[in-house]
Amino acid sequence: MNWFYAKNGSQQGPVATEALKAMLASGEISPSDLIWRDGMSDWTPAGRVAEIASVAASPSVEAAPYNSPAPASYSAPTSYAATSSYSLGQLPPPAGLAIASMCCGIASIVICCMPYFSIFAAIAAVVMGHISQKKIKANLAGGSGMKTAGLVTGYIGLVLAVFMLGAMVFAQVNPDFAKKMEEIQNMQKQKIESQQR
């Protein structure tokens with residue numbers, strides 16, 4: 001069970017029950033300091049909570065008088081609300097879209113010689129990368145590195161696909177270009193053959 005406590009006008013925690021008892025026994029928290037956990041209706045002095053009262057009543061801890069009710073500024077901690085299934089200190093699981101973005105981006109570069117296919121992979125990588133970026137910024141998912149890799153490789157794949165499509169269109173539209181490329185290749189072959197003799 002995780003507890004929050006108020007010390008010197010600021011909210012602290014969460015801490016485990018045993019840690020809170022140890023803090024109370026050592027005098028770090030006094031019986032008059034306010035504590036709260038999920039399920040309690042309001043902040044309560046540590047000396048008045050049944051689970052903690054046994055430590056607060058021990059002779060090693062001096063009981064301080066209870067003077068005032070909980071300040072209005074304390075409320076249930078919103079940062080601790082169970083909005084996700086992962087525990088404190090654990091990173092959220094990577095977004096599936098970040099992984100898919102990275103895979104599509106890598107595929108778009110690998111198959112860039114087939115621009116009709118690679119352009120779709122690149123577009124998918126960029127779109128999924130931006131969607132996962134929104135989830136990561138909202139702290140709903142992890143995988144920031146995979147998202148970045150997906151976006152970078154997606155944009156590179158997109159540029160390569162557009163370049164390859166442009167080259168294919170240019171070669172189809174300009175038949176002289178294809179002839180000149182053949183002449184250059186033939187000249188290179190002849191040069192290589194003459195050097196081998």
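The values are calculated or read from the model by the stated rules, or taken from the named source; none is laboratory data. Since the model is a prediction, treat every value here as computed from it, not as a measurement. Cβ coordinates were reconstructed from backbone atoms using ideal geometry, including for glycine residues, and neighbour counts include every protein chain displayed.
Out of Ala161, Ala178, report the one residue that is assigned to a helix (DSSP H, G or I), of a type in the set (Gly, Ala, Ser) and modelled with pLDDT of 85 or more. Steps first, please.
On the way: Ala178 fails: modelled with pLDDT of 85 or more.
Exactly one residue qualifies, and that residue is Ala161.
Could you say which residue among Lys147, Lys189 is charged (D, E, K, R), free of Cβ contacts under 8 Å to residues at least 40 places away in the same chain, surrounded by 10 or more Cβ atoms within 10 Å (Cβ to Cβ) and part of a helix (DSSP H, G or I)?
Lys189
Whether any residue in segment 39-48 is of a type in the set (A, V, I, L, M, F, W, C) and assigned to a helix (DSSP H, G or I) is what I want to check. Steps first, please.
Initial filter on segment 39-48 (of a type in the set (A, V, I, L, M, F, W, C)): 40, 43, 46.
Now restrict to residues that are assigned to a helix (DSSP H, G or I): 46.
Looking for residues that are of a type in the set (A, V, I, L, M, F, W, C) and assigned to a helix (DSSP H, G or I), one finds at least one in segment 39-48, hence yes.
Checking Ile111 against (1) touching a helix residue (DSSP H, G or I) at 6+ places or on another chain (Cβ under 9 Å); (2) in contact (Cβ under 8 Å) with a residue 40 or more places away in the chain, which single condition isn't satisfied?
Answer for Ile111: the failing condition is (2).
Looking at segment 1-27 only, could you name the residues that are surrounded by fewer than 13 Cβ atoms within 10 Å (Cβ to Cβ) and either closer than 14 Å to Ser54 by Cα or not hydrophobic (A, V, I, L, M, F, W, C) (or both)?
Asn8, Gly9, Ser10, Glu18, Ser26, Gly27
Do we find that Lys135 is without any contact (Cβ under 8 Å) to a residue 24 or more places away in the chain and out of contact with any strand residue (DSSP E or B) (no Cβ under 7 Å at 6 or more places or on another chain) in this structure?
Answer is no for this residue.
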